[in-house]
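Visitor: One structure follows; several queries about it will come next.
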Amino acid sequence: MGKMGSEMLIYVLLLMAGVLASGRSSQVKIWPMPASVSYGHTHLYLTNDFGFSSNYGSEILKDAFDRMLALIKLDHVIDANFSAFNSSSLLQGLHIVISSPNGQLQYGVDESYKLIVPSPEKPAYAHLEAKTVYGALQGLQTFSQLCYFSVTSKVLQIDMSPWTIIDQPRFSYRGLLIDTSRHYLPVPVIKKVIDSMSYAKLNVMHWHIVDTQSFPLEIPSYPKLWDGAYSPSERYTVADAADIVSYAQKRGINVLAEIDVPGHALSWGTGYPSLWPSKDCQQPLDVSSEFTFKVIDGILSDFSKIFNFKFVHLGGDEVNTSCWTTTPRIRNWLKKRGMNESQAYQYFVLRAQNIALSHGYEIINWEETFNDFGNKLSQKTVVHNWLGGGVAQRVVASGLRCIVSNQDKWYLDHLDTPWQEFYANEPLTNITNLKQQKLVIGGEVCMWGETVDGSDIEQTIWPRAAAAAERLWTPFDKLAKNPRDVTERLAHFRCLLNQRGVAAAPVAGLGRAAPEGPGSCYRQ
């Protein structure tokens, strides 16, 4: 019998003996819930020199382990008398086995892992195995939730051992949008958001960088674009952007960059007024000008040196084309080409798509592009649903891929949408064909920036984003049919976020709610 076979036999015997229990028990406090969980009834204690060994030499892995250890210590002083513990209850380290040498983070990377605490072969160690280093990162996040600092024994403790957790994500794309145009978010704030995303196993930060209000990012090809920033200090240099991408990748998170065209782009014209249809009618971008597409090409060329995710987001939503017909120069251009406004909108979006394709990107566009001319979109398009239900169903029936962010359920700026609705929102609603289900690559919660900045972004994102994170990670048959059944576990995760320095709001309120009166974190 092979190694995995012997482990399975041990697992079955323990289950029969009643040593292990089902992961459906309310005692399991892991968030998001793994695909398969079994546990026992004994306590383990981490030694003061708890470390890790691995067959895989990687700075990413070493840094992730060190961060995990810091997270579970939470600045407590480990002050235990280890000689008083039974040696069989001491855990000396974690052994990590990674089978793929490829350390490249990209879309669809294998994030599966298996965690056994303690290892049947080496009971003084926990055992984590994964296909890739990014699966190992997810396993470390889960391990961190098994551990806590015991104030009575003054040591890091694991209850309910032995644990066997076999896990992988349900969807490959699990996103969170941040918006740095409506309010500038300082780089340390963005990094804190990235950290908190990793705790909930979200893996794409959609960076809605620019919009009508401001253009904060340096674009070397067209250096006057960031004249559209709110102020000289509310800007990101190329090095800032590259640093954010690197920081995210070390945590298993891809950064999806967005330029929203042709609408939502008034700020572009602050530095280059010729991008506006006219001084009095400033958006959408001028469809008749070759310069417009040269600038888009320059931006995407610069993006390709910083943002190495497979996809780029080209927006395409909420385009009011009236400036094109009220500006005589553009009106004449349209007339010469026999185009009406909607045809010009299609021409713009498709031309921008071709530019993105020329830089090696696949494309994400907001759903209006599909609603208006879906059969003309590149086959490399992912349609981003936001307006409401039923769209994903139509998108995948047409053969295109889809990301779900329907605003009635997954917009974090809608403060009156409770976490229960975030949890219950099912991306595959009414999609029964297995081939079409695979075209829904995942979902994303959106933190639009009109009413958030560095002062309140965390409590507006959390804990509601965590509710969606479980929907996107956990197998469908392991999700609670009634969100009420996960309230206690989500409250526990919210308190864990608070302990880790993340300003997550109470579970009991709506978005950004304040705690009510004195009381335990776990009851709010």
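Visitor: Could you please state, rounded to a whole Å, how far the C-alpha centre of the range 134-201 is from the C-alpha centre of the range 273-298?
Guide: Cα centroid to Cα centroid, the span is 42 Å.
Visitor: Here's another thing I want to ask about it. What figure in square angstrom, to the nearest 10, would you give for the accessible area of Arg512 with a 1.4 Å probe?
Guide: 70
Visitor: While we're looking at this one, here's another question. So what's the back-of-envelope 222 nm ellipticity for the chain, counting only DSSP H runs of four-plus at -39500 (n - 2.57) apiece and dividing by all residues, rounded to 500? Before the final figure, lay out each step's value.
Guide: Numbers: 18 runs with 177 residues, N = 524.
Result for the chain: -10000 deg cm²/dmol, rounded to the nearest 500.
Visitor: Taking C-beta distances below 4.7 angstrom as the pairing criterion, name the unpartnered cysteines of the chain, in sequence order.
Guide: Those would be Cys147, Cys402, Cys446, since no other cysteine Cβ in the chain comes under 4.7 Å of theirs.
Visitor: Can I ask one more? If Lys and Arg each add +1 and Asp and Glu each add -1, what is the summed charge of the other residues whose beta carbon sits under 13 Å from the beta carbon of Leu146? Write down the numbers at each step before the final one.
Guide: Values: positive: Lys29; negative: Asp159, Asp167.
Residues near Leu146 contribute -1 overall.
Visitor: Ignoring any ligand, DNA or RNA, what whole percent of the accessible area of the range 252-372 comes from carbon and sulfur when the probe is 1.4 angstrom?
Guide: Carbon with sulfur: 48 percent of the solvent-accessible area.
Visitor: For the range 105-150, which whole percent of the accessible surface, found with a 1.4 angstrom probe, sits on carbon and sulfur atoms? Each step should come with its number before you reach the end.
Guide: Values: 720 of 1310 Å².
Result for the range 105-150: 55 percent of the exposed heavy-atom area is carbon or sulfur.
Visitor: Starting from the amide H of Thr474, placed 1.01 Å from N in the peptide plane, find each other amide H under 5 Å away whose residue is 5 or more places distant or on another chain.
Guide: Sorted by chain and number, the residues that satisfy this are Arg170.
Visitor: Could you tell me the relative contact order of the range 350-424? Use alpha-carbon pairs under 8 Å, at least six residues apart, and round to a whole percent.
Guide: On the way: 84 pairs, mean separation 16.6, N = 75.
Value for the range 350-424: 22 percent.
Visitor: Okay, moving on. Could you pull out every residue, at least 5 positions away or on a different chain, whose amide H is within less than 5 Å of the one on Ser54? Hs are placed 1.01 Å off N in the peptide plane, and Pro or chain starts have none.
Guide: Ile96
Visitor: A further question follows. Which whole-number percentage describes the relative contact order of the range 391-524, with Cα contacts under 8 Å and a sequence gap of 6 or more? Present the calculation step by step, with values, prior to reporting the outcome.
Guide: On the way: 193 pairs, mean separation 36.8, N = 134.
27 percent.
Visitor: If I fit a long axis through the Cα atoms of helix 187-199 and take the longest principal axis of the Cα atoms of the chain, what angle between them do I get, 0 to 90°, rounded to 10?
Guide: The helix 187-199 is inclined about 50 degrees to the chain.
Visitor: First measure r as the distance between the Cβ atoms of Glu516 and Ser455, then evaluate 1/(1 + (r/R0)^6) with R0 = 22 Å and state the FRET efficiency to the nearest 0.05.
Guide: On the way: r = 21 Å, r/R0 = 0.94.
The formula returns an efficiency of 0.60 here.
Visitor: For the chain, what is the relative contact order in percent, using Cα pairs closer than 8 Å and at least 6 residues apart in sequence?
Guide: Values: 1057 pairs, mean separation 71.4, N = 524.
It comes to 14 percent, rounded to a whole number.
Visitor: Against the longest alpha carbon principal axis of the chain, how many degrees, from 0 to 90 and to the nearest 10, is the axis of helix 341-358 turned?
Guide: Roughly 50 degrees, rounded to the nearest 10.
Visitor: Provide the per residue accessible area, probe 1.4 Å, for the chain, rounded to a whole number of square angstrom.
Guide: On the way: 20820 Å² over 524 residues.
Result: 40 Å² per residue.
Visitor: What distance in nm lies between label points placed 7 Å from Cα along the C-beta direction at Asn86 and Ser398?
Guide: With each label point 7 Å from Cα toward Cβ, the separation is 6.4 nm.
Visitor: If you don't mind, another one. Report, in listed order, any pair from Lys73/Lys154; Lys224/Lys294; Lys380/Lys438; Lys294/Lys335 with a Cα-Cα distance greater than 18 Å.
Guide: On the way: Lys73/Lys154 10 Å; Lys224/Lys294 14 Å; Lys380/Lys438 15 Å; Lys294/Lys335 23 Å.
Violating the 18 Å limit, Cα to Cα: Lys294/Lys335.
Visitor: Something else about it: Give me the percent of accessible area attributable to carbon and sulfur for the range 389-460, probe 1.4 angstrom.
Guide: Roughly 49 percent, rounded to a whole number.
Visitor: Using alpha-carbon positions, what is the distance between the centroids of the range 354-400 and the range 465-524, in Å?
Guide: 33
Visitor: What per residue convex hull volume, in Å³, comes out for the chain when only alpha-carbon positions are used? Before the final figure, lay out each step's value.
Guide: Numbers: hull volume 82.5 nm³, N = 524.
Cα convex hull per residue, to the nearest whole number: 157 Å³.
Visitor: Relative to the longest principal axis of the C-alpha atoms of the chain, give the angle of the C-alpha long axis of helix 290-306, reported between 0 and 90° and rounded to the nearest 10°.
Guide: Orientation of helix 290-306: about 20 degrees from the principal axis.
Visitor: Rank these residues by their accessible area, most exposed first, probe 1.4 Å: Thr237, Thr429. The partial results should precede the final answer.
Guide: On the way: Thr237 50, Thr429 75 Å².
Per-residue accessible area, sorted high to low, gives Thr429, Thr237.
Visitor: Skipping prolines and chain starts, which residues have an amide H placed within reach, meaning under 5 Å, of the one on Val155, given they are 5 or more residues away or on another chain?
Guide: It is Ser150, by chain and number.
Visitor: Spelling out what I want: for every residue of the range 391-399, take phi, set θ = phi - 60°, compute 6.51 cos²θ - 1.76 cosθ + 1.60 (Karplus), and round to whole Hz; glycine and proline get x.
Guide: 6, 4, 4, 6, 4, 6, 5, 7, x
Visitor: Setting aside same-chain residues fewer than 8 positions from Lys250, which aspartates and glutamates have a Cα under 17 Å from its Cα?
Guide: Lys250 reaches Glu59, Asp63, Asp66, Asp110, Glu111, Asp195, Asp240.
Visitor: Looking at the chain, identify the longest residue range that excludes and avoids all GluC sites (Glu not before Pro) in DSSP loops having at most 16 other Cβ atoms within 10 Å.
Guide: Values: sites that count: Glu121, Glu234, Glu318, Glu450, Glu516.
In the chain, the maximal stretch lacking such sites is 319-449.
Visitor: Quick check: pseudo-label points 7 Å beyond the Cα along Cα→Cβ at Lys376 and His41, how many nm apart are they?
Guide: For the pair Lys376/His41, the computed spacing is 6.8 nm.
Visitor: Taking 0.36 nm per intervening residue step and subtracting the Cα-Cα distance, what contour gain separates Glu121 from Lys154 on full extension? Walk me through the intermediate numbers first.
Guide: Working: separation 33, 0.36 × 33 = 11.88 nm, distance 2.81 nm.
My answer for the length gained is 9.1 nm.
Visitor: Of Lys114/Lys310; Lys29/Lys409; Lys29/Lys201, which ones are farther than 18 Å apart at the Cα? Could the numbers behind the result be given before it?
Guide: Values: Lys114/Lys310 27 Å; Lys29/Lys409 25 Å; Lys29/Lys201 15 Å.
Among Lys114/Lys310; Lys29/Lys409; Lys29/Lys201, the Cα-Cα distance tops 18 Å for Lys114/Lys310; Lys29/Lys409.
Visitor: As an exercise, use a Förster radius of 35 Å and the Cβ-Cβ distance of Ser342 and Thr432 to find the FRET efficiency, rounded to the nearest 0.05.
Guide: Details: r = 33 Å, r/R0 = 0.94.
So, using R0 = 35 Å, E works out to roughly 0.60.
Visitor: What is the antiparallel percent of DSSP beta bridges lying wholly in the chain, to the nearest 5? It would help to have the intermediate numbers written out before the result.
Guide: On the way: 21 of 66 bridges.
Looking only at bridges with both residues in the chain, the antiparallel portion is about 30 percent.
Visitor: Expressed in nm to one decimal, what extension gain is obtained for the pair Arg329 and Val238 from 0.36 nm per residue of sequence separation less their Cα-Cα distance? The partial results should precede the final answer.
Guide: Values: separation 91, 0.36 × 91 = 32.76 nm, distance 3.54 nm.
Stretched out fully, the Arg329 to Val238 stretch lengthens by 29.2 nm.
Visitor: Could you run the Debye sum over the Cα atoms of the range 140-257, one equal point scatterer each and no solvent, and tell me log10 of I(q)/I(0) at q = 0.14, 0.18 Å⁻¹, two decimals?
Guide: With one equal scatterer per Cα and no solvent, log10 I(q)/I(0) is -0.69, -0.94.
Visitor: With +1 assigned to the C-beta of every Lys and Arg and -1 to the C-beta of every Asp and Glu, and no other charges, what is the dipole magnitude of the chain about the Cα centre in debye, to the nearest 20?
Guide: Values: 47 positive and 50 negative charges, 205 e Å.
It works out to roughly 980 debye.
Visitor: Here's another thing I want to ask about it. Under a plain spin-label model, where a point goes 7 Å from the Cα along Cα-to-Cβ, how far apart in nm are Asp408 and Gln27?
Guide: 4.2
Visitor: Need the full-extension length gain, Val97 to Ser301, defined as separation in residues times 0.36 nm minus the C-alpha distance. One decimal, nm. List each step's numbers first, then the result.
Guide: Details: separation 204, 0.36 × 204 = 73.44 nm, distance 3.83 nm.
Stretched out fully, the Val97 to Ser301 stretch lengthens by 69.6 nm.
The values are calculated or read from the model by the stated rules, or taken from the named source; none is laboratory data. Owing to the predicted nature of the structure, the values given are computational and were not obtained by experimental measurement. Methodologically, a virtual Cβ is constructed for each residue, glycine included, from the backbone with ideal geometry; neighbour enumeration extends over all protein chains shown. In case anyone asks, the SASA skips ligands and DNA or RNA and just uses the protein heavy atoms, side chains included. Shrake-Rupley method; radii C 1.70, N 1.55, O 1.52, S 1.80 Å.
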